[in-house]
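Read-outs: derived from the displayed coordinates by stated rules, not from any lab. Bear in mind that the values here come from a model prediction, so they are computed numbers and not experimental data. When we count neighbours, we look across all protein chains shown, and the Cβ atoms used for this are built from the backbone with ideal geometry, even at glycine.
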Amino acid sequence: AQRVTQPEKLLSVFKGAPVELKCNYSYSGSPELFWYVQYSRQRLQLLLRHISRESIKGFTADLNKGETSFHLKKPFAQEEDSAMYYCALWYQGGKLIFGQGTELSVKP
Amino acid sequence: NAGVTQTPKFRILKIGQSMTLQCAQDMNHNYMYWYRQDPGMGLKLIYYSVGAGITDKGEVPNGYNVSRSTTEDFPLRLELAAPSQTSVYFCASSYPGTVNEKLFFGSGTQLSVL
């Protein structure tokens with residue numbers, strides 16, 4: 001069955017430290033993967049998608065089909081990066097499923 | 001341009017009652033989704049629709065029903081509410097033809113079943 005796994009519920013780092021939020025997926029076809037972010041008291045919003053290979057707010061994510069991973073990385077965390085981060089998989093002509101989410105806390 | 005509008009924002013139901021969560025979007029999006037968000041569980045897909053008249057089950061459809069008679073509206077019906085349906089419900093929509101662009105979320109409906 002298709003599944004998205006984010007193994008860390010909470011990730012706590014200090015400002016300026018590197019950040020890596022892990023995401024693994026299970027899907028036999030060609031995946032379309034995304035990262036969404038939810039800041040406090042705001043709606044979920046798209047952070048980035050693998051197909052565009054973009055960098056948003058300093059975050060990047062590389063699809064590794066061999067390891068079935070799509071980890072989110074940022075070299076220097078900022079306090080304003082504190083939020084819930086969700087990895088998502090789109091497949092089967094319209095289904096979009098999410099992982100359990102990782103709360104990132106960046107301490108001053 | 002209102003985006004995705006969900007009503008109500010809060011609701012308390014008694015066990016066995018029924019209700020409809022409303023979702024409307026004014027962006028002419030073909031794709032619409034219903035998710036529930038439980039603490040520590042992330043978002044679970046309940047139902048989705050790729051266009052008017054077309055709906056399909058997601059990961060957790062039991063206890064829910066949907067309809068999509070128009071492009072704009074995608075209501076979620078709870079029949080015989082149970083405490084396990086206590087959750088925050090999110091509706092979302094995406095650009096016509098592809099979800100590779102961006103998913104727009106509503107502000108959520110907090111539902112308690114007591």
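Evaluating 6.51 cos²θ - 1.76 cosθ + 1.60 at θ = phi - 60° for every residue in segment B:35-52, the Karplus couplings come out as 10, 10, 10, 10, x, x, 10, x, 9, 10, 6, 8, 9, 9, 9, 9, x, 4 Hz, glycine and proline recorded as x.
Work out the FRET efficiency for A:Glu103 and B:Ser107 from their Cβ-Cβ distance, taking R0 = 25 Å, and round it to the nearest 0.05. FRET efficiency, A:Glu103 to B:Ser107: 0.80. When the Cα atoms of segment B:34-114 are aligned to their principal axes, the ranges along those axes come out at 39, 25, 20 Å in descending order.
In a DSSP loop and with at most 10 other Cβ atoms within 10 Å, the GluC sites (Glu not before Pro) in segment A:1-74 are A:Glu67. Sites listed here are chymotrypsin sites (Phe, Trp or Tyr not before Pro) in segment A:31-101 whose DSSP assignment is loop and whose Cβ has at most 13 other Cβ atoms within 10 Å: A:Tyr39, A:Phe76. Counting Cβ atoms of other protein chains within 10 Å of each residue's Cβ and taking the mean over peptide B:33-42 gives 4. For the protein assembly as shown, with equal point scatterers placed on the C-alpha atoms only and solvent neglected, what are the log10 I(q)/I(0) values from the Debye formula at q = 0.17 1/Å, to two decimals? The computed values of log10 I(q)/I(0) come out as -1.21.
Note on A:Leu10 and B:Tyr95: their simple-model spin labels are 3.8 nm apart, each label 7 Å out from Cα toward Cβ. Dipole of chain B computed with +1 at Lys/Arg Cβ and -1 at Asp/Glu Cβ about the Cα centre; of B:Thr55, B:Met27, B:Gly108, farthest Cα towards the positive end is B:Gly108. Residue-wise HN-Hα couplings along segment A:88-97, as the Karplus relation 6.51 cos²θ - 1.76 cosθ + 1.60 with θ = phi - 60° gives them from phi, are 9, 10, 10, 7, 6, x, x, 6, 10, 10 Hz; Gly and Pro carry x. Among the lysines of chain A, pairs that are 8 or more positions apart or on different chains and have alpha carbons within less than 26 Å of each other number 27. With loop membership from DSSP and a limit of 12 other Cβ atoms within 10 Å, the longest segment of chain B without trypsin sites (Lys or Arg not before Pro) is B:15-114. Cα convex hull, segment A:16-69: 106 Å³ per residue, rounded to a whole number. Projecting the Cα atoms of B:Tyr64, A:Gly101, B:Ile12 onto the charge dipole of the protein assembly as shown (Cβ charges, centred on the Cα centre) puts B:Ile12 farthest toward the positive pole. With both labels modelled 7 Å from their Cα along Cα-to-Cβ, the A:Glu54 to A:Glu80 distance reads 1.7 nm. Applying 1/(1 + (r/R0)^6) with r as the Cβ-Cβ distance of A:Ser40 and B:Ala52 and R0 = 35 angstrom yields a FRET efficiency of 0.50.
Size descriptor for chain A, Kirkwood hydrodynamic radius: 13.9 Å (Cα pairs only, one decimal). Between B:Ile15 and B:Ser67, full extension at 0.36 nm per residue minus the direct alpha carbon distance yields a gain of 16.4 nm.
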